[in-house]
Each structure stands twice: as structure tokens, then as C-alpha cells.
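The values are calculated or read from the model by the stated rules, or taken from the named source; none is laboratory data. Bear in mind that the values here come from a model prediction, so they are computed numbers and not experimental data. Note that each Cβ is placed from the backbone with ideal geometry, even for glycine, and that neighbours are counted across all protein chains shown.
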Amino acid sequence: MRKPFIAANWKMHKTVDDALKFVEAVSGRLPDPAVVTCGIAAHFLALYPMVQAAKDLNLGVIAQNAYGEFSGPYTGEVSPRALAAAGVQYVMCGHIERRTLFHEDNQLVAKKVAAALQCGITPIICTDETMIQQEFNGEVHYVFAQLMDVLSEISFDQVKNVIISYEPSWAVGVGQHANPTLAEEGCRLIRRSIADTYSYEVADKIRILYGGSVNPENIELIMGKRDIDGVLIGRASLDADNFLTMVNRVAALYAPAAEAKK
Ligand code: 13P
């Protein structure tokens, strides 16, 4: 059984004070880390204070981006080595907003993934697609091409150490309802392509997350799907009570299986 990974993506929201107040609000109310992994992707300024504040909590700290080099003349960029030294455990690479607003391409995202792994940070590789790509390419071939390009910079052995997210653009930040059937189909096809390209064992281990309009009302339906191992939550994660409702609903869903595994 793959342990579910429930992460907030706060994007460019909250000040450092807001972020710390949130950590205080969820402290003591998060689920058992043996059942669910919880995380928060915050902007760079908030990361180090959050690592300090969340030290004893089931709350991993996630960077929303990092550069593909360790140091050098890259004004305005942040090194994955500096993030690792600050205690950051995960980094999102190639979120759709970075690809569309900041022109990140697969080559750049691949470098970021490889550099993060070298620093001991787990990359969350974000894949996306538009409705047009889905209709014209059949299934989600566009996502496969994107993913394989990004994985091309890392070794066969390292693939099992990444997390993948599937965030179709029509579901991200648009206020539409997430469609659990399409979400599952995307994640299932990604897993199948990992099995075909790497191995069944790797595909069976790797965690594949879904992102796009997840909220307290639909999280159980989405997390009830076999190939969805977690979610990246934008808007609905900004409120601490909402976040707690979601992680604890997922914990209730997974607790019997975690207990049986003991
Ligand atoms: P929303 O949950 O606001 O649709 O955002 C999803 C997202 O971008 C997660 O990375």
C-alpha cells in the first residue's frame, strides 16, 4: 500500500506570520504520520521558519520551485542545496503556473529534478495538459511525453525516488468541479507508462498525486480512487480548519488499511 500524501500548495499567498499562525493552528490536530504524509508548499521566505515551527509535526515543508544548479551567478534563483540545508524535504518542479507564466520547459524542469535529487530533496514532478491536448492526442499521451522528457535527466534507479503530480489545466484554479473519473484516468495512465518504461515494481511504489479544485467535499471521492495516492490542494488549503478536515478525512479512509499492515 502506498501511503497517501496530502499537500497544500499555497502559491503566492500568506505572509511569514500568516504561515506560522497556520502551523500553530494545525499543531496537535494532524493525523498519524504512519497513515498519511502531510505537507505544505509555501513561498521561499516562509520555508525556513516553517521548518523550525513544524519540526515535531507531521507536516513536511515543500518548496514551490528551485533552480537546477547548486550555486553560481543566477541572480534571483534559489539553490536546492540551500533548501536542503534549511531542512526543506520536497520541491515542486514544473507546476503548470511556472510553465505558462514563467516559460519553463521540460529541459529546465528536468535539470531542476536532477539537481533536487542530488541534494537529497524529493522532487514532485508536475505534469499537466489542456483539454485540447487530451482530445487530440488520445488518452494522455501529451503527459507521457512531458514526463519522459523530464525523467530523461535522471537514472533508472532514481525514478522510484520521485513523486509525480497530474494537474490538468482545466481543473487548476478555475473554480470548476474536479472530475474524479478523469483524475483517476490520468493517474492510472501515468502509472501504466511508468510500468512500461521502467518496471512494474517502480510503478507500484511511486506516488502519483492529483491536483485541481480539490476541496473538503470531493477529497474522499478522489482519494477513494485506486491510482490516486494523494492530492495537491490550492485554494481550499489556505484555511487551517479546511486543511485539517481534508487530511483527517483521508486518514479515516486509510486508517483500517494502515492498521491491517501492522
Ligand atoms: P486549486 O486547488 O486552487 O485548483 O489549485 C491546484 C493546484 O494548483 C495545486 O498545485
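Quick rundown of the values:
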| item | result |
| --- | --- |
| Subset tally (residues that are assigned to a helix (DSSP H, G or I) and among the polar types (S, T, N, Q)) for segment 207-262 | 4 |
| Test: residue in segment 69-84 that is touching a Leu at 6+ places or on another chain (Cβ under 8 Å), farther than 27 Å from GLY224 by Cα and in contact (Cβ under 8 Å) with a residue 40 or more places away in the chain | no |
| Residues of segment 229-262 that turn out to be farther than 13 Å from ASP32 by Cα and either basic (Lys, Arg) or modelled with pLDDT of 95 or more (or both), as a count | 19 |
| Selection count where residues are more than 9 Å from the ligand (Cβ to nearest atom) and not acidic (Asp, Glu), scope segment 211-237 | 11 |
| Residue match in segment 183-194 (condition: in a loop (DSSP other than H, G, I, E, B) and under 17 Å from the mean Cα position of the chain (by Cα)) | no |
| Test: residue in segment 40-54 that is surrounded by fewer than 14 Cβ atoms within 10 Å (Cβ to Cβ) and not in a loop (DSSP other than H, G, I, E, B) | yes |
| Filter pass, PHE102 being without any contact (Cβ under 8 Å) to a residue 24 or more places away in the chain, of a type in the set (A, V, I, L, M, F, W, C), surrounded by fewer than 20 Cβ atoms within 10 Å (Cβ to Cβ) and within 23 Å of LEU151 (Cα to Cα) | yes |
| Checking ILE96 against (1) away from the ligand (no atom under 15 Å from the Cβ); (2) modelled with pLDDT under 95; (3) aliphatic (A, V, I, L, M), the condition it does not meet | (1) |
| Conditions (1) surrounded by 17 or more Cβ atoms within 10 Å (Cβ to Cβ); (2) under 17 Å from the mean Cα position of the chain (by Cα); (3) farther than 18 Å from ALA171 by Cα: number failed by LYS205 | (1) |
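Rundown of residues vs (1) of a type in the set (D, E, K, R); (2) closer than 25 Å to GLU97 by Cα; (3) under 20 Å from the mean Cα position of the chain (by Cα), yes/no style:
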position	(1), (2), (3)
MET1	no, no, yes
PRO4	no, yes, yes
LYS14	yes, yes, yes
GLU24	yes, no, no
GLY39	no, yes, yes
LEU83	no, yes, yes
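Residue by residue, here is whether (1) on the phi < 0 side of the Ramachandran plot; (2) of a type in the set (Val, Ile, Thr); (3) more than 12 Å from the ligand (Cβ to nearest atom) holds:
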site	(1), (2), (3)
VAL143	yes, yes, yes
GLN146	yes, no, yes
ASP149	yes, no, yes
ILE154	yes, yes, yes
ASP157	yes, no, yes
TRP170	yes, no, no
SER199	yes, no, yes
